[in-house]
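Any read-out appearing in this document is the output of simple, stated calculations on the displayed coordinates, not a laboratory observation. Computed from a prediction, not measured in an experiment: that's the story for all the values here. No Cβ is skipped: glycine too gets one built from the backbone with ideal geometry, and neighbour counts run over all protein chains shown.
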Amino acid sequence: MKRRTLIKSLAALPAAAMAGQLWAAPASKTRLLFVFMRGGYDATSLLVPISSQYYYQVRPNIAIAKPSDDLKSALPIDSDWGLHPALRDSIYPLFTAGQAAFVPFAGTEDLSRSHFETQDSIELGQALDRRRDYRSGFLNRLAMTLSADRASAISFTDQLPLIMQGGLQVANTALRSVAKPAVDARQAKMIAAMYDGTKLSQQVRDGFTVREDVMKEMVGEMDAANRNAITAKGFELEARRIAKLMKDRYNIGFVDVGGWDTHVGQGNATGYLANRLEELGKGLAGFAQEMGPEWKDTVVVVVSEFGRTFRENGNRGTDHGHGSVYWVLGGGINGGKVHGEQVRLEQPTLFQNRDYPVLNEYRAMFGGLLTRMYGLNAGQVESIFGTRGRDLGLV
């Protein structure tokens, strides 16, 4: 193998999990999937503030109409909120069944409006006014707090994200490219042999084991997809693969979905954003379906680094904002509701006269949620997030 090829191959390796824990069924029945919408999605189009006349004044081209018989209008939630019609056949049925909830005015105290800085802030889960450890993501700290006999974590990404980095070794594998591995079996043996006798020997071999077992697990399902057995495309296929693995082998998972930066031509009930929401919604609904009976013990949290400006811009899009709307899904959650502190959306209530304010700080919200899910005590929540949890009644 050429040196350049070897370097690329090594970079594509999944990070190894702890030896002996790779494929052990998690002892804790509770499963958590964290979905990150990278790009800062327009939460105002997802959870539509239908009671705000100001919303319709400042979004003349991209507003979602109030609920009506028109299939392009918002789906009714309550007197203040509606749901984007692109989620009619995916998330809305979960919501009406009490298996989906939303938390508006959610987010971080980070005011940079920078994709990268705010993503890092969320993934670290650490206070902004203290020294931060950039080698410690909060899902890794959660897994360490739960201990090895209760947690088995994996990231469904090309590279291990910041949120999963830390003292506990976590596996990562990108399922979208699982059919075309960067390293074939012969090359894998060669690379593993190069590390024999070194401290990395076991980790490298475990990394290849993860990849090989994932491919074996999925080969039948992928063949079926090629024969149109699975009709949905894009994220749904990946979400169903994630469910297959998490049902039996992992109870903490992470995946990110890009493409949410909508400065230009965002659309309204149809268009670019609507298509992205529809794809994501189908994927999450497919994940729920694939989990089967285990869905009742599963919680999915969907976040983005920030929301977007309340007013549309001159390009019929929206710019970087502040507060957002988080999604919480699961078979056993307190769904069918909009949770957390809220305020009527009018010009005087906007943050800096442009954005959603953050009323439900994400670390406190997650601390409260994880306390209910895993029975964490106050000290454990403090060790993960550096703050006390706030129970919003999500589970």
(request) Step through the table entries Lys72/Lys282; Lys296/Lys337; Lys247/Lys337; Lys244/Lys282; Lys247/Lys296; Lys29/Lys244, compare each Cα-Cα distance with 20 Å, and write down the pairs that go over it. (result) Lys247/Lys337
(message) Which of Arg354, Arg59 has the fewest other C-beta atoms within 10 Å, and how do the rest follow up to the most?
(response) Arg354, Arg59
(message) What does the charge count around Leu392 come to, taking other residues whose C-beta lies under 12 Å from its C-beta (Lys +1, Arg +1, Asp -1, Glu -1)?
(response) 0
(request) Run the quick spin-label model on Thr96 and Arg135: label points 7 Å from Cα toward the beta carbon, then report their separation in nm to one decimal. (result) 5.2
(message) What distance in nm separates the two pseudo spin-label positions at Arg344 and Arg88, each 7 Å out from Cα along the beta-carbon direction?
(response) 3.1
(message) Under the rule of at least 5 residues apart or a separate chain, name every residue whose amide H is placed under 5 Å from the amide H of Val48.
(response) Gly82, Leu83, His84
(request) Counting other beta carbons within 10 Å of each Cβ, put Ser121, Ser68 in order, fewest first. (result) Ser68, Ser121
(request) Could you line up His84, His263, His115 from fewest to most neighbouring Cβ atoms inside 10 Å? (result) His263, His115, His84
(request) Set the Förster radius R0 to 45 Å, insert the Cβ-Cβ distance between Met190 and Asn353 as r into 1/(1 + (r/R0)^6), and round the FRET efficiency to 0.05. (result) 0.15
(request) Evaluate E = 1/(1 + (r/R0)^6) for Ser68 and Leu128, where r is the Cβ-Cβ distance and R0 equals 41 Å; express this FRET efficiency to the nearest 0.05. (result) 0.45
(request) Pull out the extension gain between Thr270 and Arg388, defined as 0.36 nm times the separation in residues minus the alpha carbon to alpha carbon distance; nm, one decimal. (result) 38.4 nm
(request) Please give the residues of the stretch 120-158, grouped as numeric ranges, whose backbone N is less than 16 Å from a label point set 7 Å along the Cα-to-Cβ vector of Glu109. (result) 121-133
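How much length is gained if the chain between Tyr56 and Ser79 is pulled fully straight, taking 0.36 nm per residue apart and subtracting their Cα-Cα distance, in nm to one decimal? Numbers along the way, then the final one.
Working: separation 23, 0.36 × 23 = 8.28 nm, distance 1.57 nm.
Extra length from Tyr56 to Ser79 when fully extended: 6.7 nm.
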